[in-house]
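Input: a single structure, listed below in structure tokens.
Just so you know, all these numbers are worked out from the coordinates, no wet-lab data involved. The model shown is predicted, which means the values in this text are computed figures rather than measured ones. Backbone-built Cβ (ideal geometry, glycine too); neighbour counts: all protein chains shown.
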Amino acid sequence: MASRLLLLRRRARRLLRLLRHRLQASKKRRIDDQDPPGSGSCDHVDVGSVDHITRVPDAVLGSIVSLLPTKEGARTQVLSRRWRPIWRSAPLNLALDCELKNQDSIPKILSEHTGPARRFSVRLFTDCSGDEIDGWLSSQSLDNLQELELTCMFWLGRRPLSLSAFRFSPTLRVAKFHGFHFPNSIAQLSLKFPCLEQLTLKKVIISEDVLQSLLSGCSALESLELKENRGIARLCISSQTLRSLGFFVDWWNGGTGIFLQELVIEDAPCLERLLPLNSTGSKVVIRIICAPKLEIFGMLLSEVIPEFQLGSSIIQEGVAVSLTTKMHTMRVLALSSTGPNLDAVVNFLKCFPCLEKLYVIFRLPSDDPGEYMNARKYDPLDPIECLELHLKKVVLKNYVGSKSSYVDFARFFVLNTKGLEEMKITLPYHRQHGWFAHQLSLLRVTSRASPDARIEMRCGTSDDFTHNRDTHDLSMDDPFDLPSSGCSTCEEKGLGDAIYQI
């Protein structure tokens, strides 16, 4: 849905630019005297010169205008007299952000708008009374609201969320709350959100009872993002509709309180992706009991996830305690590791026999020991199914090729992945051409398991899980497949995006 809206917004902006261009270029044409769009009247205008935009019905124009940012949407009123009623009657898309800082304009816009309400987004950078917020949310212009985004940047985590926000529960499709405190009384309301598809909670204080109460009322929820929240020690997910779950453990500015310690996927028959959105933070145990469709998974190795349980398989601190349960649906795996911990990575590969893509994001701690032991040898008598049959793509980020342990890590996959089609290696810094030539020679082995595999190496910038993904964009086939941010040194020297390959 997010990608579709983005495409529509781009088209709307192109339409607006076209309108402005045509108005400036057609000084001789008296557009103000034309009939309203969609009327079909061309009595006083040369048909050959009529812009096709004038034939678009008012309702369609209103839908396009509603996708524009608030300021741009309001500007369409000045294009001509025939455009003045379009924005006021179009579905309301009101966003108070850095581009529109005067929050005094909100009551005026709400009182003058006659169309339906689509989106209401407010970021509070200054103190604002609860009565004022209640006044906005109680406006009849917001009846049947579809998207609500409330952000409190002034009293982060201390301002109680107005209960008026929940009057939209029957119609909301998207809800985002940032920086509020959820009162415990919300759990007693037994709220129902029959249309809610996306929910984001960021830097909020919320108890387990309140969160479970909210989630139990979301009968259509498809994506859930939990970032830097406090008050929840254990989260148990049971949802018949949830397809995507993203979580970020850290609490902002080193705050104290109750943090997430255990995430249990108890019953999620439609869950397709489980995405950690940070690479450091409080330690969280992950237990997956029932997620038969899970196919995309991000995992932070032992530093942050001390224990991972998949059915009866258990991995503790990267060490396999039991590997009896396998998940054949998993096709994309992203692992964040402090250094090239090959043993831990291989343990996960054994859990996912049908894996097609593997991403490993290396992280160097401040007390980096320099070298890591990657002495594991591949035993043909104990084959790893994904290496034998399914794994086609391996991506290594923040690769430190000057350390032999990283080279050994990469060589393991070059030597043993029989179906490998491509390996992409990105450095966290800039290196010269000669350095790459030497590094690639270390991987140019005669006994490659897949002789036709393409191995690429490039310099870049440090990358981690926070550069990932939109939890809510379910149209992305692989949320980890993002273009490299490039190397700033290469750009400064005009070298472009140099890629070295075998």
Report task. Report the label-to-label distance for ASP143 and ASP382 in nanometres (one decimal), using points 7 Å from each Cα along the Cα→Cβ vector. Result -> 6.9
Report task. For ARG84 and ARG158, calculate 0.36 nm times their separation in residues minus their Cα-Cα distance, and state this gained length in nm to one decimal. Result -> 22.5 nm
**Report entry** Kirkwood-based Rg to Rh ratio, region 91-221, C-alpha trace
**Finding:** 0.94
Query raised in the report: Looking at this model, which pairs from LYS357/LYS377; LYS202/LYS424; LYS176/LYS392 are more than 27 angstrom apart at the alpha-carbon?
Result: LYS202/LYS424; LYS176/LYS392
Query raised in the report: In terms of modelled amide H atoms, which long-range or inter-chain residues lie less than 5 Å from the amide H of TYR429?
Result: GLY460
Query raised in the report: How big is the charge dipole of region 91-221 about its Cα centre, in debye rounded to the nearest 20, if each Lys and Arg gets +1 on its Cβ and each Asp and Glu gets -1 on its Cβ?
Result: 240
Report task. Convert each backbone phi in region 201-212 into a coupling constant with the Karplus relation 6.51 cos²θ - 1.76 cosθ + 1.60 (shift: θ = phi - 60°), then list the ³J(HN,Hα) values in order as whole Hz, x for Gly and Pro. Result -> 10, 10, 6, 10, 9, 8, 7, 4, 4, 5, 5, 5
**Report entry** Two-site label geometry, ARG411 and LYS108: point separation in nm, points 7 Å out along Cα→Cβ
**Finding:** 7.1
Query - Length-normalised contact order of region 91-221 in % [C-alpha pairs under 8 Å, at least 6 apart] - result: 20
**Report entry** Gained length - ARG454 relative to ASP343, 0.36 nm times residue gap less alpha-carbon distance
**Finding:** 37.5 nm
Report summary line: Most exposed to least, judged by fewest other Cβ atoms within 10 Å, THR171, THR329, THR417 sort to THR329, THR171, THR417
Report summary line: Checking region 383-469 for trypsin sites (Lys or Arg not before Pro) in a loop per DSSP with at most 13 other beta-carbon atoms within 10 Å yields ARG444
Query raised in the report: Considering amide H positions built from the backbone, and no H for Pro or chain starts, which residues 5 or more places from ALA334, or on another chain, come under 5 Å of its amide H?
Result: PHE297, GLY298, MET299, TYR359
**Report entry** FRET efficiency, ALA437 to GLN316 (Cβ-Cβ, R0 41 Å, nearest 0.05)
**Finding:** 0.50
Query raised in the report: If you take the square roots of the eigenvalues of the alpha-carbon gyration tensor of region 144-265 and sort them as a ≥ b ≥ c, do you get rounded (a/c under 1.5), prolate (a/b over b/c) or oblate?
Result: oblate
Query raised in the report: In what sequence do SER484, SER239 fall when counting other Cβ within 10 Å, fewest first?
Result: SER484, SER239
Query - Karplus-derived 3J(HN,Hα), 6.51/-1.76/1.60, for each residue of region 290-300, Hz, glycine and proline x - result: 9, 8, x, 10, 4, 10, 10, 9, x, 9, 9
